[in-house]
1. Please go through (1) out of contact with any Asp or Glu (no Cβ under 8 Å at 6 or more places or on another chain); (2) part of a strand (DSSP E or B); (3) at pLDDT 90 or above for K91 and return the number of the only condition it doesn't satisfy.
2. For the range 62-88, give me each residue that is aromatic (F, W, Y) and at pLDDT below 90.
3. Determine the pairs where a residue that is within 20 Å of R112 (Cα to Cα), located within the range 76-89, has a partner that is assigned to a loop (DSSP other than H, G, I, E, B) and of a type in the set (D, E, K, R) with Cβ atoms under 8 Å apart, the partner being 6 or more residues away or on another chain.
4. Here's a check for you: in the range 94-117, which residue that is closer than 20 Å to D140 by Cα and in a helix (DSSP H, G or I) is most open to solvent (accessible area, probe 1.4 Å)?
5. What are the residue pairs meeting all of these: first residue in the range 103-117, first residue at pLDDT below 85, second residue open to solvent by less than 80 Å² (accessible area, probe 1.4 Å) and β-branched (V, I, T), Cβ atoms under 8 Å, and 6 or more apart or on different chains?
6. Applying the selection to the range 68-87, what residues are of a type in the set (D, E, K, R) and surrounded by fewer than 21 Cβ atoms within 10 Å (Cβ to Cβ)?
7. Go through (1) at pLDDT below 90; (2) farther than 18 Å from Y36 by Cβ for G59 and report which single condition fails.
8. Only one residue in R34, R49 is at pLDDT 70 or above, more than 22 Å from the chain's Cα centre (by Cα) and open to solvent by 100 Å² or more (accessible area, probe 1.4 Å). Which one?
Amino acid sequence: MFQKLRRKFLRHFFGEDPDYRDPFDDAAEQLYGRLYLKYLLEKAGLEFRGQRVRALDVGCHTGRLSIPLAQAGYEITGIDSSRFHIQRVEKRAGELGLSCRFIKGDGFEQVRRMPADSFDLVLCTEVLYQCPDFSSRMKDLVRVLRPGGLLATSHRTRFFYLT
């Protein structure tokens, strides 16, 4: 418990966490990120055929998917409940000269406030498995997706943290 309190204190007041492993610096996370992106860009390319793509990344973390998609020309809105993650992704986007919108807050509360049919691509990777009522969360995500848009989700098994 003390360790968790220490981490929250350091993150909140200093924007630092000595135990934090950023997905951009972790080889396994880089691999998974590349696999996600390869698949998404192939599918999105087929779906959107060169149009300007409005993408929502619910649970964007530090931008493992948002940043490369923004670099590929997508118009990005990212949401994460962690101020620490939002600060990191905003800093990274700024350093790369990317114009993205990042929101700190409960992703699904934010999604419920958004107009229907707002996005061409909605990402919600490795978030829904934490939601007890994920089917209603999926409906929220589908609501903000324009007709013909692409919804991409992924899930970890309940045994993920054991490995």
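1. So K91 meets the others, but not (2).
2. F84
3. Going by the 8 Å Cβ cut-off, the qualifying pairs are S81/D106.
4. Filtering the range 94-117 for residues closer than 20 Å to D140 by Cα gives 101-117.
Restricting the remaining residues to those that are in a helix (DSSP H, G or I) gives 107-113.
Details: G107: 13, F108: 12, E109: 92, Q110: 36, V111: 0, R112: 118, R113: 163 Å².
The qualifying residue most open to solvent (accessible area, probe 1.4 Å) is R113.
5. G107/V58; G107/I79; G107/V127; F108/V58; V111/V58; V111/I79; V111/V144
6. If the condition is that a residue be of a type in the set (D, E, K, R) and surrounded by fewer than 21 Cβ atoms within 10 Å (Cβ to Cβ), then E75, R83 are the ones that fit.
7. (2)
8. R49
The values are calculated or read from the model by the stated rules, or taken from the named source; none is laboratory data. As the structure is a computational prediction, the values presented were derived from the model and not from experiment. Cβ atoms come from the backbone with ideal geometry, glycine included; neighbour counts cover every protein chain shown. The area values use the complete protein model at the heavy-atom level, side chains included, leaving out ligands, DNA and RNA. Shrake-Rupley method; radii C 1.70, N 1.55, O 1.52, S 1.80 Å.
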